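Step one of this worksheet: look at the structure below.
The values are calculated or read from the model by the stated rules, or taken from the named source; none is laboratory data. Keep in mind it's a predicted model, so treat the numbers as computed, not measured. As a convention, Cβ positions derive from the backbone with ideal geometry for all residues, glycine included, and neighbour counts pool all protein chains shown.
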Amino acid sequence: MEAREKGRFGEEQAAKYLRRRGYRVVESNYSCRAGEIDLIVRDRKYIVFVEVKLRRSADFAEAREFVTAAKQRRIVTTASLWLSQHETELQPRFDVIEIYAPEGERGRMEIRHLEDAFS
């Protein structure tokens, strides 16, 4: 599976996971000059900007460790631009979803949802 296909697969799995937990997907793969946000979802209280990380395992490092401070700044800047174009009274939040799929897309997966991950 190519990197782009892996990314799309991970984002689809994260979106399914979030829908099962009561979130509504507002947008996926939002991009602008500042960067990209994998998923934008909402619930009753939050508009959530989600970074999805798919890995086979956490043997080398946990997936969240690949969301560096520089990546976080780009996501925050991109989210600010999105918010300037989409008025909302919801509180913004930044989450990371780690997906571990040791056998690829056909096998068992472990999903970890880290709420307010940039704090």
Which number in (1) buried (at least 18 other Cβ atoms within 10 Å of the Cβ); (2) touching a helix residue (DSSP H, G or I) at 6+ places or on another chain (Cβ under 7 Å); (3) without any contact (Cβ under 8 Å) to a residue 40 or more places away in the chain; (4) not basic (Lys, Arg) marks the one condition that Ser28 misses? (1)
Spot the failing condition for Ala3; the list is (1) surrounded by fewer than 16 Cβ atoms within 10 Å (Cβ to Cβ); (2) at pLDDT 90 or above, and only one is missed. (2)
Could you check the range 31-52 and list, in sequence order, the residues that are crowded, with 16+ Cβ neighbours inside 10 Å and either closer than 18 Å to Phe66 by Cα or among the polar types (S, T, N, Q) (or both)? Gly35, Ile37, Asp38, Leu39, Phe49, Val50, Glu51, Val52
